[in-house]
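A.B. asks: To start, I am sharing the structure in question, which I have written as structure tokens.
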Amino acid sequence: MIKNIILITLIAFSCNSKPADTNQNETVSKRLSLEEFNQVIKNENVQLVDVRTPEEYSRGFIDGAVNIDFQSAEFLKTCESQLDKAKPLAVYCAAGGRSSKAMAQLKAAGFTEIYELGVGYNGYK
């Protein structure tokens with residue numbers, strides 16, 4: 001009988017408890033259109049990263065972008081040492097393939113706000 005009373009009490013209290021605040025740990029990762037991406041990179045706090053090879057980067061890039069080659073074995077290590085995980089991050093490649101993969105890796109590494117240019121640099125220029 002006492003076990004039943006304790007069980008009922010525990011159930012009653014657990015039903016009234018508030019859910020944990022999950023917004024603090026929520027990560028934003030979005031593939032954006034050219035127009036949306038242009039709006040995002042206007043923000044001074046956004047870190048703009050070109051994940052193409054240095055050779056591709058040398059042929060042209062979006063103003064303000066730093067080049068961190070996604071194909072490099074040191075890609076994540078370089079990102080973690082040069083970028084702030086708490087600041088918004090905008091990434092792009094040539095056509096959207098590498099930047100999509102980069103966005104997934106950056107999200108897994110703890111970056112909290114990541115935007116990707118869906119059309120890539122080829123669609124930007």
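A.B. asks: Might you let me know whether the stretch 59-75 holds any residue that is assigned to a strand (DSSP E or B), among the aliphatic types (A, V, I, L, M) and under 20 Å from SER33 (Cβ atoms)? First the steps, then the outcome.
C.D. replies: Our first condition is that a residue be assigned to a strand (DSSP E or B); within the stretch 59-75, this holds for 66-67.
After this cut, where a residue has to be among the aliphatic types (A, V, I, L, M) as well, the list is 66.
Remaining after also requiring under 20 Å from SER33 (Cβ atoms): none.
The answer is no; no qualifying residue exists.
Rundown of residues vs (1) aromatic (Phe, Trp, Tyr); (2) assigned to a helix (DSSP H, G or I), yes/no style:
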position: LYS30; (1), (2): no, no
position: ASN38; (1), (2): no, yes
position: TYR57; (1), (2): yes, yes
position: THR78; (1), (2): no, yes
position: ASP84; (1), (2): no, no
position: LYS87; (1), (2): no, no
position: SER99; (1), (2): no, yes
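A.B. asks: Which of the numbered conditions does GLN82 fail, given that it passes all the others? Conditions: (1) in contact (Cβ under 8 Å) with a residue 60 or more places away in the chain; (2) within 25 Å of GLU26 (Cβ to Cβ); (3) not small (Gly, Ala, Ser).
C.D. replies: For GLN82, the exception is condition (1).
A.B. asks: Further, regarding this structure: Which one of GLN82, GLN47 is touching a strand residue (DSSP E or B) at 6+ places or on another chain (Cβ under 8 Å), of a type in the set (S, T, N, Q), surrounded by fewer than 16 Cβ atoms within 10 Å (Cβ to Cβ) and at pLDDT 95 or above?
C.D. replies: Of the residues listed, the single one that is touching a strand residue (DSSP E or B) at 6+ places or on another chain (Cβ under 8 Å), of a type in the set (S, T, N, Q), surrounded by fewer than 16 Cβ atoms within 10 Å (Cβ to Cβ) and at pLDDT 95 or above is GLN82.
A.B. asks: Since LYS125 meets every condition but one in (1) in contact (Cβ under 8 Å) with a residue 40 or more places away in the chain; (2) surrounded by 14 or more Cβ atoms within 10 Å (Cβ to Cβ), which condition does it not meet?
C.D. replies: (2)
A.B. asks: Also: Considering only the stretch 55-74, I want to know if a residue exists there that is buried (at least 18 other Cβ atoms within 10 Å of the Cβ), modelled with pLDDT of 95 or more, of a type outside the set (Lys, Arg) and under 14 Å from the mean Cα position of the chain (by Cα).
C.D. replies: For the stretch 55-74, residues buried (at least 18 other Cβ atoms within 10 Å of the Cβ), modelled with pLDDT of 95 or more, of a type outside the set (Lys, Arg) and under 14 Å from the mean Cα position of the chain (by Cα): absent.
A.B. asks: Determine whether the stretch 8-29 contains at least one residue that is at pLDDT 95 or above and touching a Gly at 6+ places or on another chain (Cβ under 7 Å).
C.D. replies: Checked the stretch 8-29: no residue is at pLDDT 95 or above and touching a Gly at 6+ places or on another chain (Cβ under 7 Å).
A.B. asks: Could you grab me the full set of residues in the stretch 88-115 that are under 16 Å from ASP63 (Cα atoms) and either free of Cβ contacts under 8 Å to residues at least 24 places away in the same chain or of a type outside the set (Gly, Ala, Ser) (or both)? Explain how you work it out, then say what you get.
C.D. replies: Of the stretch 88-115, the ones under 16 Å from ASP63 (Cα atoms) are 89-94.
Of everything in the stretch 88-115, those that are under 16 Å from ASP63 (Cα atoms) and either free of Cβ contacts under 8 Å to residues at least 24 places away in the same chain or of a type outside the set (Gly, Ala, Ser) (or both) turn out to be LEU89, VAL91, TYR92, CYS93.
The values are calculated or read from the model by the stated rules, or taken from the named source; none is laboratory data. It should be emphasised that the depicted structure is a prediction, and the values quoted were computed from it without experimental measurement. Note that we place each Cβ from the backbone using ideal geometry, even for glycine, and neighbour counts take in every protein chain shown.
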